[in-house]
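Trainee: Just dropping this structure here.
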Amino acid sequence: MSTVHATGPATDELSAGAPQYTLTGGDWDEVVAAIAARDEADRLEHDRIVVNMGPVHPSTHGVLRLVLEIDGERVTEVRVGTGYLHTGIEKNMEYRTWVQGETFVTRMDYVAPFFQEVAYALAVEKLLGVTDDVPQKATVVRVLLMELNRIASHVVAVGSAGNEMGGTTLMTISFRCRENILRVFEMASGLRMNHAYIRPGGLAQDIPRGFTDFVRSAMPNIKQDLHELELLLMENPILKARFQGIGEITLAGALAMGLTGPCLRAAGYPLDMRRTTPYCGYETYDFDVPTYQRSDCYTRLQVRMDECYQSLKIVSQCVERLDEIAEHGSKADNAFMVADPTIAWPARMALSTDGQGQSLEHVREIMGTSMESLIHHFKLVTQGFRVPAGQVFQTVEHAKGTLGVHAVSDGGTRPYRVHFRDPSYSNLQSLALMAEGGMIADLVPTLASIDPVLGGVDR
């Protein structure tokens, strides 16, 4: 019985001692003749064909190197090489304040930034001991943004996978859907990417007037785009022939490789942090966790499509709750940041005409009437707030699977250590088990079905 194991790293030592041929074009016949001249038994025994796929590679958001060993068109071994997109984010965070850390984490998985922002903010709030003090409005907005981000991430995965198979229309529809979502993000945070909108203690600024109505107006368009994608994809005979039975992994293999997210749920295991270890009040929302019994490229696609509809269901509930808070909620529920003035940064800022959220009322106060407010504002922005010594581990259900944050504080104004367990990194180690024994052409949709974002891997 064979043992499930991870394939070794992608290194240049793989080709050491093997015959190597450098081709410049037009000399294939000479190389083939040289190989054919050798004894056939010798060739069969000693020849290994090693092919580099990458470091720039299709269906991957980022830079990835795959070192393949092939027998004809069949892949016999896959080794994954990462590190080409290394940003040093985790190390850089040790030299910035706790609030400034948000500007780093949002840039990790740039396709789904709000999950990192929320996970990091929740971890810092645990260290501060203010988890229960976060206003209800801020928590609901966090859930709304995460679920819209889940849809945006999934449609990019579906569209880019279809594009690699030659279906350009799928990419067009996916990005049209994503565009509607990015407009919501822009209305809330002022930015389409790299938001840093979720802050420890709440939000950077309040949602603007008319935000819930705007979300309601965008939802039919998002739903229509999802429906169009589903009609084009799920019963398409070409796609089914190309995806069904490709990149398959058993539930036992998935668990052994640490697979998570839609890839694991496609195998029948309903692991979802929103259910198992709820956060942000997810236990109070009505939604289902889609699962199937066979994790191949097709069912992983099905799970993502189903989850998009469940996310829309949650978004609808968020919008209703925000309207209820605005109409009947208390002043504390309707706030967007904790009341503690030593944590609430930016200090008493509100949405204004400058586009940065700096209210004229606050400027007048700190510059004209209160020297103490000015000093406090200056120290809070430049020095940051102190976080009690300790360490916490926080998980959220990222679009790609379980995202974990290990945050350590030494009692200062800067993190001692922040480490992320990124789902793309965990999922990539299962690629060898999925792809070995299949065709080279099947490797591309298999990789696309994992949906790795290398910004989260190379931190």
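Trainee: Whole Å is fine, so just give me how far the alpha carbon centre of the stretch 223-299 lies from that of the stretch 417-459.
Mentor: 15
Trainee: Within 12 Å, Cβ to Cβ, of P452, how many net charges do the neighbouring residues add up to if Lys/Arg are +1 and Asp/Glu are -1?
Mentor: -3
Trainee: What size of dipole, in debye to the nearest 20, comes out for the stretch 238-287 about its Cα centre when the only charges are +1 on Lys and Arg C-beta atoms and -1 on Asp and Glu C-beta atoms?
Mentor: 200
Trainee: Which pairs break 27 Å Cα to Cα here: K126/K223; K91/K379; K379/K400; K91/K400; K91/K331?
Mentor: Where the Cα-Cα span goes over 27 Å, the pairs concerned are K126/K223; K379/K400; K91/K331.
Trainee: Another question, then. From the square roots a ≥ b ≥ c of the eigenvalues of the alpha-carbon gyration tensor of the stretch 173-286, which class results: rounded (a/c under 1.5), prolate (a/b over b/c), or oblate?
Mentor: Oblate is the answer for the stretch 173-286, as a/c is 1.5 or above yet b/c matches or exceeds a/b.
Trainee: Right, here's the next one. What does the charge add up to near I173, with Lys and Arg as +1, Asp and Glu as -1, over the other residues with Cβ less than 9 Å from its Cβ? Walk me through the intermediate numbers first.
Mentor: Values: positive: R176; negative: D225, E228.
Once positives and negatives cancel, what remains is -1.
Coordinate-derived values only; no laboratory data. Keep in mind it's a predicted model, so treat the numbers as computed, not measured. Neighbour counts are summed over all protein chains in view; Cβ atoms, including those assigned to glycine, are modelled from backbone coordinates with ideal geometry.
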